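Worksheet: the structure to be examined is printed underneath.
The values are calculated or read from the model by the stated rules, or taken from the named source; none is laboratory data. Treat the numbers as computed from the prediction; the structure is a model and nothing was measured. Positions of Cβ are backbone-derived with ideal geometry, glycine not excepted, and every protein chain shown enters the neighbour counts.
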Amino acid sequence: MNAPLYEIGAFGETGALVFALGLGIVFGWFLERGGMGNANKLAGQFYLTDLAVFKVMFSAIVTTLLGLYWLSRLGWLDLPLVFVPPTYLVPQLLGGVVFGVGFVMGGLCPGTSCVSASTGRTDGFMVVGGMLFGVFVFNEMFPLLEGVYRATPRGPLTIPELIGVPFGVVVFAVVAIALVAFVAAEKVELHFRPAVRSGEALGDGR
Amino acid sequence: MNPYLAGVGIGLVLLGAFVIMGRGLGASGAFSSAAAAGMASVAPERAATLEPYAAYLGDERRGPLSDWLVIEILGVTIGGFVSAWGAGRLRRGVEKGPRVSNRARLLYAFGGGTIMGVGAKLARGCTSGQALTGGALLSVGSWIFIIAAFAAAYAASPLFRRQWT
Amino acid sequence: MSRRGWSTNRVLAAVAGVLGVLALVAGDTPTPGGPGELSALQLAESLRADADDVIILDVRDALAFEEFHAPRAVIVEPTRSAVLAEIEARSAASDVLVVVTGGPAADPRPGWIALRRAGYARAHYMPDVLTAWLDEIISPVLSPDASESEREAWRKQSELSKYFGGFPRIASREEAVGGETSAAKLRRAKRRGCAF
């Protein structure tokens, strides 16, 4: 076991910030290359003309999941030490619903709005500004929302723990679902993508 | 770039964050830090007493992690800029469908951002912190967030069709 | 879509598929994040079973510690080295139950990680000891619509609650669920003369 490196004191806080910058740059680079800085492309997800959001997100999740499982299985990563965001059932359900409406309305999510803004798009700047305002609104309303915000805490609960199935079995299931869903996504796109736009939608970065 | 390859790239970055830092990536946390810093400069007392601000005002109690997200998002903007520059996609403009004015699109963008801000605070994360990071960790709450967010976005999509198509 | 695009996709799918199928048969590995967090209920059970076998290290500041702390908890500085020094000063066995308790302003995880790495296999943490103890031990509430199995668990919990001086109760149907903040609960518990 020699990871997570920060948790075993391999480097200090300055080192952590250097890694933050480096990981952020590569993250932003791949987001832009995947077309995730473009609100038109993102919105295509919700009108089934371009499922890039789904493909990028789900293949990222599958990649990380396989990496986590195998690094842990080979003894290189101490998984119990990895920070799992705590589950709060009701606020995450409600927050998800609210977030989803804002996502299709704004056409960008918080991370991709930064990419959109830095590549010159004014709508990206407006989403960034809206996010800041939304955080302000939430914080000012916090005394009212605190009850809901703290409701139904379940701690760092994961699906294998919830259903009592070994981690590896859930990994297999997620990979299997992803592969089937990717094939389906290609078919859905062929069906809904307007013929005149197909070349344009593919034309990024080739 | 092939979207699956971009996804694998993002997945490896996220895996790197877990291996190096023991935690994943995020975006909305950086907005929380920015809002807290803004409030602290305008009304320091309110920022120090209202918990959602106070929790993001950096001090030694919470360690470097709130700074970590801000620097990471700074990296995202740099990385996005460099990528678009290299591919010739840097362009001033507004992304929208052909049927709406720029002004309408910008209002929608601000409104959508505001709604997402509230939702991300309530859910304790956004597409990066909950969907990607929590999703890859198989967190139950994160998968609830993913399903709720996409279901709501599809349900609301007819309201905004004019903006995009 | 070009032929090259498809072949890239097929290679990626094949790699993911092989690694996924192997994960099914390669055996078990710990789940992310688990099992580190302890509930107040689990802590209370262990304390009642054998309090001498439990060490509770509270990393919150003195003010929060005085307002409330778990029974037999001791206060330590919120650093890895302080937590390790405290446990080593007691020359505790490595199979003792050690619980690092924290709060909104004090993260117990660094101390917990230090303990795990030092070989304390039964080290756990509680991210917010005050809220957890109030909700689960001092004033646990049973929903009036609880199922039979929930009522069975409730009997155990309310017995444990009374043992630690709590006030278990069954909610009325009109009552709003989850509307009370921890500060309000603490005030209510103190009004009732509940001594911590």
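A compact table of results
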{"item": "Qualifying residue in region B:45-52 (condition: touching a Pro at 6+ places or on another chain (Cβ under 9 Å), surrounded by fewer than 16 Cβ atoms within 10 Å (Cβ to Cβ) and under 29 Å from A:L94 (Cβ atoms))", "result": "yes"}
{"item": "3 or more residues over 15 Å from the mean Cα position of the chain (by Cα) and within 23 Å of B:A136 (Cα to Cα): qualifying helices (runs of 4 or more DSSP H) within region C:1-114", "result": "C:3-25"}
{"item": "Counted residues, region C:112-129 - those being surrounded by fewer than 20 Cβ atoms within 10 Å (Cβ to Cβ) and out of contact with any strand residue (DSSP E or B) (no Cβ under 7 Å at 6 or more places or on another chain)", "result": "4"}
{"item": "Residue match in region C:155-166 (condition: under 16 Å from C:S46 (Cβ atoms), in contact (Cβ under 8 Å) with a residue 12 or more places away in the chain, assigned to a helix (DSSP H, G or I) and among the aromatic types (F, W, Y))", "result": "yes"}
{"item": "Every pair of residues 6+ apart whose Cβ atoms lie under 8 Å, when the first sits in region B:3-27 and is in the same structural domain as B:T133 (by TED's automatic domain parsing) and buried (at least 22 other Cβ atoms within 10 Å of the Cβ) while the second is of a type in the set (F, W, Y) and part of a helix (DSSP H, G or I)", "result": "none"}
{"item": "Residue count, region B:80-123 (criterion: in the same structural domain as B:S32 (by TED's automatic domain parsing) and of a type in the set (F, W, Y))", "result": "2"}
{"item": "Failed criterion for C:P104 (all others in (1) under 30 Å from C:Y163 (Cβ atoms); (2) crowded, with 20+ Cβ neighbours inside 10 Å hold)", "result": "(2)"}
{"item": "Some residue of region C:87-106 being in contact with a Gly (Cβ under 8 Å, 6 or more places away or on another chain), in contact (Cβ under 8 Å) with a residue 24 or more places away in the chain and away from chain A (no Cβ under 14 Å)", "result": "yes"}
{"item": "Where B:Y108 falls short, out of the listed (1) modelled with pLDDT of 95 or more; (2) within 12 Å of the chain's Cα centre (by Cα)", "result": "(2)"}
{"item": "Every residue from region C:91-108 that is touching a strand residue (DSSP E or B) at 6+ places or on another chain (Cβ under 6 Å) and farther than 21 Å from C:A49 by Cα", "result": "C:P108"}
{"item": "Tally of residues being outside any helix (DSSP H, G or I), more than 7 Å from chain B (Cβ to nearest Cβ) and closer than 21 Å to A:V128 by Cβ across region A:36-69", "result": "1"}
{"item": "Any hit, region C:46-60, residues being among the acidic types (D, E), at pLDDT 85 or above and out of contact with any strand residue (DSSP E or B) (no Cβ under 7 Å at 6 or more places or on another chain)", "result": "no"}
{"item": "Residue among B:R105, B:R91 that is within 17 Å of A:S113 (Cα to Cα), among the charged types (D, E, K, R) and out of contact with any strand residue (DSSP E or B) (no Cβ under 8 Å at 6 or more places or on another chain)", "result": "B:R105"}
{"item": "Residue in region A:150-160 that is more than 10 Å from chain B (Cβ to nearest Cβ), modelled with pLDDT of 95 or more and in contact with a helix residue (DSSP H, G or I) (Cβ under 6 Å, 6 or more places away or on another chain) present", "result": "no"}
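Listed here are the residues, each with its yes/no results for (1) crowded, with 24+ Cβ neighbours inside 10 Å; (2) of a type outside the set (A, V, I, L, M, F, W, C).
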{"site": "A:G12", "(1), (2)": "no, yes"}
{"site": "A:I25", "(1), (2)": "no, no"}
{"site": "A:V62", "(1), (2)": "yes, no"}
{"site": "A:G106", "(1), (2)": "yes, yes"}
